[in-house]
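The values are calculated or read from the model by the stated rules, or taken from the named source; none is laboratory data. In this text the structure is predicted, and so the values were computed from the model without any measurement. Cβ coordinates were reconstructed from backbone atoms using ideal geometry, including for glycine residues, and neighbour counts include every protein chain displayed. Side chains are part of the model used for accessible areas, which takes the heavy atoms of the whole protein and leaves out ligands, DNA and RNA. Shrake-Rupley method; radii C 1.70, N 1.55, O 1.52, S 1.80 Å.
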Amino acid sequence: MTIPAVILDNVVKRYPLTKALDGVNLAIDPGKVVGLLGHNGSGKTTMLKIIAGLRRPTSGRVEVFGMTPGVETKKRVAFLSEVNTYYDWMTVDGLLNFVKSFHPDLCLEKAAELKEFMKLKGAAKIGALSKGQQARLKLVVGLSRQADLMLLDEPLAGIDPPSRAKILHALVGELRQEGQTVIISTHEVKEAEPIFDHVVFLREGGNVLEGDAETLRAETGHSMEELFGEVLE
């Protein structure tokens, strides 16, 4: 029997003034590319942080590869935050070496290939990069990790529209070949839709629709972009 990559069982997360997640149930099989779709404030980032072990749920059960999120699961999970936390004075290569010092699974050879694909120079100072280049750098750092589970929080933010689909298709195609499980949170549905095996629509902290992407398209006669508008508006 295959152990799911992720299980969320009636997961609730409360903050003092709001309920970020409200009874979420979800099971994700290994090797799938999952779209976590919803507007800003729908709970996407909170869910990813809970799966990554960076936040604890208020109630409910969370399992990652059969384990409660913690030290052991963090060795197998790479979380790419939407927020840029890099030091402006570092170079691109300096940052990669710095990250490798506490994430040994970062592959510098793979990073070199991704830098070339993203058109980034290793000697460039981070503070001198454009917003789009910094967004590409975050992808290089995150996708260079040889993790079993990749959590990408709004990875297309800051990247120009003509480049989004090309970058996403190329990178996710590589992750598929390596058998990694990928969860991508986004509200940029049009560019990302073709790569999803499974989709989860979040609204106000609850998953209001979930299922196999191809099955949902066949049953509803709508694209994921159209469903996004119908289900979440």
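Observations, loosely collected:
- Filter pass, Gly70 being more than 22 Å from Ala170 (Cβ to Cβ) and in contact with a Gly (Cβ under 7 Å, 6 or more places away or on another chain): yes
- Those strands (runs of 3 or more DSSP E) lying entirely in the stretch 1-63 with at least 1 residues open to solvent by 10 Å² or more (accessible area, probe 1.4 Å): 6-15, 18-28
- Every residue from the stretch 148-168 that is more than 14 Å from the chain's Cα centre (by Cα) and either open to solvent by 40 Å² or more (accessible area, probe 1.4 Å) or under 30 Å from Met67 (Cα atoms) (or both): Asp160, Pro161, Pro162, Lys166
- Exactly one residue out of Glu214, Glu230, Glu225, Glu193 is in contact with a helix residue (DSSP H, G or I) (Cβ under 8 Å, 6 or more places away or on another chain), open to solvent by 40 Å² or more (accessible area, probe 1.4 Å) and part of a helix (DSSP H, G or I): that is Glu225.
- Residue count for the stretch 146-187 satisfying the condition of being of a type in the set (Lys, Arg) and out of contact with any Asp or Glu (no Cβ under 7 Å at 6 or more places or on another chain): 2.
- Any hit, the stretch 173-184, residues being touching a residue at least 60 places away in the same chain (Cβ under 8 Å), of a type in the set (Ser, Thr, Tyr) and open to solvent by less than 20 Å² (accessible area, probe 1.4 Å): yes
- So Thr73, is it more than 21 Å from Leu209 (Cβ to Cβ) and of a type in the set (Ser, Thr, Tyr): yes
- Selection count where residues are touching a helix residue (DSSP H, G or I) at 6+ places or on another chain (Cβ under 7 Å), buried (at least 16 other Cβ atoms within 10 Å of the Cβ) and part of a helix (DSSP H, G or I), scope the stretch 97-116: 5
- Taking (1) within 27 Å of Lys131 (Cβ to Cβ); (2) in a helix (DSSP H, G or I); (3) open to solvent by 80 Å² or more (accessible area, probe 1.4 Å) in turn, Glu72 satisfies each apart from (1).
- Any hit, the stretch 134-147, residues being free of Cβ contacts under 8 Å to residues at least 24 places away in the same chain and either of a type outside the set (S, T, N, Q) or buried (at least 22 other Cβ atoms within 10 Å of the Cβ) (or both): no
- Pairs with Cβ under 7 Å, 6+ apart, first in the stretch 207-220 and touching a residue at least 24 places away in the same chain (Cβ under 8 Å), second part of a helix (DSSP H, G or I) and open to solvent by less than 60 Å² (accessible area, probe 1.4 Å): Val208/Val231; Ala213/Met224
- Only a single item in (1) surrounded by fewer than 16 Cβ atoms within 10 Å (Cβ to Cβ); (2) in contact with a strand residue (DSSP E or B) (Cβ under 6 Å, 6 or more places away or on another chain); (3) outside any loop (DSSP other than H, G, I, E, B) is not met by Ala123, and it is number (3).
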